[in-house]
Amino acid sequence: MKFNWYRLMLMNNKRLCFSHIRQSHTHDASLPMKKLNIISYTPVRYRNTIISKIETIVTTCGGYVDDFNFFSDLAVSLRILGIRQPDTLTQLYQRLKLDTEELQLDDQTINVLNSCSSSTDRYSLFILFQILFIDAKGDLRQSVPAVNS
């Protein structure tokens, strides 16, 4: 129903209200959307393990990883949608503390997550989850041996 309304608006060349699109994307139009930045650190040797664990935790909490960007082997940035405050944000924070011993959260991130977890406000979250790899070399190239024919 909403899609047809947006299509009609586009066909009639009227402006769209992007907050309506954003809220309809979360399947809960009554919740506003807020952005949350999570900054964390881990040794580079845990890169694949920690990304897999975070993906599992986010899926368990009802969210999903919408996009990701690798910055060589120095960092990765995950865009997470589908997490709601206070229901699944509290669960996400608890799972991060219990299931990811290798991951260290930034002090400011811990303060924000603690305050959000104690809050009773309800909203959907747009999470930018950044993982910095502590002992990375800044080069993701891997040597491939030459093939002799």
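Taking the Cβ-Cβ separation of residue 144 and residue 59 as r and a Förster radius of 41 Å, what is the calculated FRET efficiency to the nearest 0.05?
After rounding, the FRET efficiency stands at 0.80.
Trypsin sites (Lys or Arg not before Pro) within segment 91-146: which are DSSP loop residues with at most 11 other Cβ atoms inside 10 Å?
For trypsin sites (Lys or Arg not before Pro) across segment 91-146 that sit outside H, G, I, E and B with at most 11 neighbouring Cβ atoms in 10 Å, the list reads 137, 141.
When the Kirkwood radius is taken over all Cα pairs of segment 36-143, what Stokes-Einstein diffusion coefficient follows at 25 °C and 0.890 mPa s, in µm²/s?
So the translational diffusion coefficient is about 173 µm²/s.
Can you list residues whose amide H is under 5 Å from residue 126's amide H, if they're 5+ apart or on another chain and H is modeled 1.01 Å from N?
Those qualifying (amide H under 5 Å, at least 5 residues apart or on another chain) are 34, 35, 36.
Calculate one ³J(HN,Hα) per residue across segment 91-96 by plugging θ = phi - 60° into the Karplus curve 6.51 cos²θ - 1.76 cosθ + 1.60, and present them in order as whole Hz with x for glycine and proline.
5, 4, 5, 5, 5, 4
Using a cut-off of 11 Å between beta-carbons, work out the net charge of the residues near residue 39 (Lys and Arg +1, Asp and Glu -1, residue 39 not included).
Summing Lys/Arg as +1 and Asp/Glu as -1 gives -2.
Here, each number is a calculation from the coordinates, and none is a lab measurement. Being a predicted model, the structure only gives us computed values, none of them experimental. All Cβ positions, even for glycine, are placed from backbone atoms using ideal geometry, and neighbour counts span all protein chains on display.
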